[in-house]
Amino acid sequence: MTAAIVLTVLGLLAVTLAAGVWVAVSLISVGLISLGVYRSIPVEKLLAQMIWNVTTTPELLALPMFILMAEILFRTRLSETLFAGITPWTTRLPGRLLHANVLGCTLFAAISGSSAATTATVGRITLTELFRRGYDKDLAMGSLAGAGTLGLLIPPSLVLIVYGVLAETSILKLFIAGVVPGLMLALGYMLYIAVRTLTRPSMASDEIPHAPMAERLAGLRHLGPVVFLILLVLGSMYGGYASPSEAAAVGVVGALIVSAMQGTLTYGNLRQACFGAVRTISMIGLIVAGAYFLSIAIGYLGVPRIIAGEIAGLGLSPFGLIMLLLVFYAILGCVLEGMSSIVMTLPITLALVTQAGFDKVWFGIFLVIVVEMAQITPPVGFNLFVIQGMTGEKIGRIAIATLPFFFIMAAMALLITVFPDIVMFLPDNITLKG
Amino acid sequence: MRAVLSAVDRVSRVAGVLAVLLVVGIVVLIIAEVVCRTLFNLSLSFAWEYSAYFLGTAIFLGAAFTLRTGGQVRVAFLTTSRNPRVARTSEYLATIFGVAVTCYLAWSMILFAWRTFVTGSTSPTIDAVPLVYPTSGLAVGAALLALQMIVRLIRLLIDEPPDDREAMRSYSVE
């Protein structure tokens, strides 16, 4: 009987998703069907109540505003100014302008919560420039796809907001915990670029004159708008002045100011940004609603308990459990978009992991790194799609170009498992509002 | 028939515009709350409550428009298969399944709104907001989503493209 329930849930999920049913619809349907078959409770009441509860949670409010902010910024000239400010500092590094991808994404990630938006905004300029100057195409695309995923890990982060709501954990703590692993990943990417281009200098053969210090410092003014927004959003949160939602609202205003100053605040841009934001909000909102309902439904059916029991029977060490999850999510990430794979598995995996003694904040960061990996694994990897849209290259080629960055992320996931303090040091030692 | 289909598209779009206004409303309310708290040391507790209702309503009012413009995520293995028969069959199956589930969802949300109306439920805060307003917003959005899903099925039957490709291009980040 219990095995039948688990098989029904997992089987239905797999079949509906594979058939091309929309993720939110699939999640709701699996909850409905399995409850309808195995329990006699008023399913229709439960569905509406759960969806109402989760879509009107105040904690979720940061989500729509960070999405709107990214949409507004995508339609400014921020990518140009970012590139202009960063490039003079990369001329002495092995790999030169290739580092503009990583540095640009790292900075932009601190004002954007999504990896697709980060990849698209930064890549719009860097890819064109790198291709034009004859840099190695694969390394240019790969480093962009890899670094673009930092949008999820470096706060603000849409995935961490959703995780915080579903796992009932402080979003602010998650936002603090993501900083150090994010910066370490960026450093890892830069090291890889340096090593690759040192061994094969033809990958970055472009000789750019080295700008004198005064000129480089003067160029920093280009970074003004980005630094202004980072101070506004992260500064207000880390300074203890604002909760994540408040910081997001302030960020929207900041984005409007930047857009106005750069002369891109037109009615057309604003309209597109608003509609674009509503599409993303609606999409993520429905998936969160479906996932929440499904988690309640399978909770009633005892599915997480059964699966946890089975896995406990394997006698894995905590480390072994995390390795199992890493492989599981890497496979899942090939066919599912990251946010979906987190929300639909969370009710089961969160129970497993907390039971094994891991912290919820730590697991959130682990999941984000895993989701980052999902963003760049074919056939379904959103960052690959974004780059395909910009370059017209085949998904296969982009995916292979990105593979080294996939392994850097996997190494990072291992590293934080062995040394959890990389994640937990900051949130354990800082107390803040919210 | 085509007139009916495009009428549903127009209604979805209007709901999408309302969703935009609600999102803008959230920003305005939270900014007002921040300003009042920092400048006048005044807490606007209702700002949080209203914003949360705005968010739920925006998610649902925007849902039909998002579906029509191809913004709802799915695994597109089979539906974009090179074999036209596989693609067509799976598109049909997914859409029929979608019609069933979204209709159930709409029915469930409408009954929920109806119950908040007849029992006159109010929110458990000092503002005691009658819950029928936000719950109706969600119900209307859910009903529109179901309607748009039915329209999608009709479009498949009469061999029209189910997604509005042009709108997809102008709104997506890519």
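The values are calculated or read from the model by the stated rules, or taken from the named source; none is laboratory data. Everything numeric here is computed off the predicted structure, so don't read it as measured data. Cβ coordinates were reconstructed from backbone atoms using ideal geometry, including for glycine residues, and neighbour counts include every protein chain displayed. Quick note on the areas: whole protein, heavy atoms, side chains included, nothing else; ligands and nucleic acids left out. Shrake-Rupley method; radii C 1.70, N 1.55, O 1.52, S 1.80 Å.
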TODO: Pick out, from the range A:114-225, the helices (runs of 4 or more DSSP H) lying fully within it that include 3 or more residues that are surrounded by 15 or more Cβ atoms within 10 Å (Cβ to Cβ).
DONE: A:115-132, A:137-148, A:150-153, A:158-167, A:171-177, A:179-199
TODO: Give the range B:45-87 a look and list any residue that's farther than 30 Å from residue A:59 by Cα, facing chain A (nearest Cβ under 8 Å) and open to solvent by 50 Å² or more (accessible area, probe 1.4 Å), or say none.
DONE: B:77, B:78
- [ ] Looking only at the range A:353-376, count how many residues are open to solvent by 10 Å² or more (accessible area, probe 1.4 Å) and within 14 Å of chain B (Cβ to nearest Cβ).
- [x] 1
- [ ] Evaluate the following for residue A:9: is it modelled with pLDDT under 95 and closer than 16 Å to residue A:345 by Cα?
- [x] yes
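Quick grid of which residues meet (1) of a type in the set (A, V, I, L, M, F, W, C); (2) not in a loop (DSSP other than H, G, I, E, B):
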position	(1), (2)
A:31	no, yes
A:40	no, no
A:59	no, yes
A:62	yes, yes
A:69	yes, yes
A:73	yes, yes
A:80	no, yes
A:84	yes, yes
A:88	no, yes
- [ ] Would you check if there is a residue in the range B:112-120 being in contact (Cβ under 8 Å) with a residue 60 or more places away in the chain and either assigned to a loop (DSSP other than H, G, I, E, B) or at the interface with chain A (Cβ under 9 Å from one of its Cβ atoms) (or both)?
- [x] no
Open item on the list: If I go through the range A:277-327 residue by residue, how many of them are open to solvent by less than 10 Å² (accessible area, probe 1.4 Å) and of a type outside the set (A, V, I, L, M, F, W, C)?
Closed with: 4
Open item on the list: Tally up the residues in the range A:7-36 that are open to solvent by 20 Å² or more (accessible area, probe 1.4 Å), over 21 Å from residue B:79 (Cβ atoms) and more than 7 Å from every other protein chain (Cβ to nearest Cβ), please.
Closed with: 5
TODO: May I ask you to list the residues in the range A:363-413 that are of a type in the set (Asp, Glu) and farther than 17 Å from residue A:184 by Cα?
DONE: A:393
- [ ] Go through the range B:122-134 and give me each residue that's part of a loop (DSSP other than H, G, I, E, B) and more than 28 Å from residue B:147 (Cα to Cα).
- [x] B:123, B:124, B:125, B:126, B:127, B:128, B:129
Task: Lone unmet requirement of (1) facing chain A (nearest Cβ under 9 Å); (2) without any contact (Cβ under 8 Å) to a residue 60 or more places away in the chain for residue B:128 - done: (1)
Task: Odd one out for residue A:120, checked against (1) in contact (Cβ under 8 Å) with a residue 24 or more places away in the chain; (2) closer than 25 Å to residue B:115 by Cβ - done: (2)
TODO: Take residue B:93 and decide whether it is open to solvent by 50 Å² or more (accessible area, probe 1.4 Å), facing chain A (nearest Cβ under 7 Å), part of a helix (DSSP H, G or I) and at negative phi.
DONE: yes
